[in-house]
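The values are calculated or read from the model by the stated rules, or taken from the named source; none is laboratory data. Quick caveat: nothing in here was measured; it's all calculated off a predicted structure. Backbone-built Cβ (ideal geometry, glycine too); neighbour counts: all protein chains shown.
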Amino acid sequence: MLGHNRKCPECGSADIVSDFNKGTSVCASCGLVLDTQIDLGPEWRAYNSSELQERSRTGSPITPLKAEMGLRTQIGNIRKDITGRTLPFTSQTKYRRLSRIDNRTRKSEIRNLRFALKELKRIKSQLELPADVAEMGAMIYRKALKKNLIRGRSIDGMIAASLYLACRKKKLPQTLKDIASVSNISSKELGRCIRIILQKLDLKISPSDYSALVHRLGISLRVTMKARRQAVKILNIARSKGATVGKNPMSLAAASLYISTIQTGERRTQQEIATVAKITPVTIRNRFKELVKILDAESKRTGNDSLRTLLI
DNA sequence: TAAGATAAGAGGGACAT
DNA sequence: ATGTCAGTCTTATCTTA
């Protein structure tokens with residue numbers, strides 16, 4: 001049943017939207033479906049396993065990945081009320097007008113969504129993103145569309161931005177560059193779109209998850225788990241000192257891995273790391289210098305020598 | 001050859017006007 | 001709305017070990 005003043009367990013937003021047509025409550029912020037008041041199971045019985053196999057669903061599933069969510073509702077041109085009596089003329093006019101407005105807005109919206117979701121699916125398959133991320137991206141885009149953020153901007157850019165934000169929500173280590181490289185827009189433009197959505201939609205996006213980036217880089221560089229853990233540890237210290245604000249998370253992950261691989265004796269060159277991280281060695285050097293400073297101060301303060309980087 | 005230093009330029013955020 | 005300023009990141013080039 002519908003409670004009041006609920007909060008989304010995923011993102012804490014109180015912006016819960018109930019859709020009585022579909023019988024669901026959805027978090028307007030992150031797209032999490034909170035409950036379902038209708039029975040989504042089949043309305044028939046399976047008498048043997050082959051029937052279960054071939055008839056395990058009636059109708060298409062409800063999904064934000066389809067332009068009309070897999071369902072369709074529409075205000076028709078109503079002339080009679082539910083008991084069959086003809087409505088007064090003024091009501092008929094009203095419904096005719098509603099129907100027309102409904103049709104118009106619906107048409108442009110659906111057309112936009114068809115286009116957008118096609119692009120979304122293309123990026124999804126190219127980057128091999130999981131379905132739940134794609135669905136969340138679609139929800140974010142729908143929200144942006146409702147708020148009229150799309151008009152006058154490129155659909156491709158806004159879709160890519162929605163997907164990027166969904167990845168951030170789901171803590172997937174995708175960078176802005178990754179998305180931009182498979183989309184036909186530049187990182188610059190993608191950044192602009194992301195900013196627009198972030199500003200206008202009030203999404204609760206946690207700061208980038210360093211550990212996911214570190215592991216992703218670490219795997220590409222074939223370094224041990226030990227080095228990766230050490231890198232994460234370094235970043236946590238840096239963050240506690242406020243040294244990570246405003247820095248590209250990827251460059252921080254790269255620099256901390258550079259340090260940790262030296263400490264564990266599996267050194268990689270700055271160039272090697274820079275290539276995998278798709279940044280420049282100069283940036284690694286800059287972050288590297290800052291991190292070393294912090295780590296030395298920290299080891300002096302705690303007397304913990306394992307952080308020392310003087311051996312370099 | 002790897003890595004450090006330096007400089008110049010692009011782009012965006014914060015802030016004042 | 002527009003301009004300025006500090007800070008980030010990139011690219012290029014030269015130097016050092």
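Exactly one residue out of A:ARG287, A:ARG239, A:ARG268, A:ARG222 is at positive phi and not assigned by TED's automatic domain parsing to the domain that holds A:ILE179: that is A:ARG222. Considering the range A:96-142, and only residues there that are basic (Lys, Arg) and modelled with pLDDT of 90 or more, the residue that is farthest from A:SER181 (Cα to Cα) turns out to be A:ARG142.
Residue count for the range A:183-222 satisfying the condition of being more than 18 Å from A:ASN236 (Cα to Cα) and touching a residue at least 60 places away in the same chain (Cβ under 8 Å): 5. Among the candidates A:ALA180, A:ALA166, which residue alone is away from DNA strand C (no atom under 16 Å from the Cβ) and under 15 Å from the mean Cα position of the chain (by Cα)? Checking each option against the conditions leaves just A:ALA166. Assessment of the range A:161-178 against the conditions (hydroxyl-bearing (Ser, Thr, Tyr) and over 23 Å from A:SER211 (Cα atoms)) yields no matching residue. For the range A:207-243, filtered to residues that are modelled with pLDDT under 90 and within 16 Å of DNA strand B (Cβ to nearest atom), the residue that is surrounded by the fewest Cβ atoms within 10 Å (Cβ to Cβ) is A:GLY242. Under the condition of being surrounded by fewer than 21 Cβ atoms within 10 Å (Cβ to Cβ) and more than 27 Å from A:SER181 (Cα to Cα), which residue from the range A:264-293 is farthest from DNA strand C (Cβ to nearest atom)? Looking at residues that are surrounded by fewer than 21 Cβ atoms within 10 Å (Cβ to Cβ) and more than 27 Å from A:SER181 (Cα to Cα), I get A:THR264.
Being without any contact (Cβ under 8 Å) to a residue 24 or more places away in the chain, over 20 Å from A:ASP209 (Cα atoms), surrounded by fewer than 19 Cβ atoms within 10 Å (Cβ to Cβ) and among the hydroxyl-bearing types (Ser, Thr, Tyr) is a description that applies to A:SER299.
Note on the range A:176-206: among residues that are outside any loop (DSSP other than H, G, I, E, B) and acidic (Asp, Glu), the one that is farthest from DNA strand B (Cβ to nearest atom) is A:ASP178. Restricting the range A:148-164 to residues that are over 15 Å from A:SER183 (Cα atoms) and touching a helix residue (DSSP H, G or I) at 6+ places or on another chain (Cβ under 6 Å), the residue that is surrounded by the fewest Cβ atoms within 10 Å (Cβ to Cβ) is A:LEU149. For the range A:244-262, which positions are modelled with pLDDT of 90 or more, hydroxyl-bearing (Ser, Thr, Tyr) and within 16 Å of DNA strand C (Cβ to nearest atom)? If the condition is that a residue be modelled with pLDDT of 90 or more, hydroxyl-bearing (Ser, Thr, Tyr) and within 16 Å of DNA strand C (Cβ to nearest atom), then A:SER251, A:SER256, A:TYR258 are the ones that fit.
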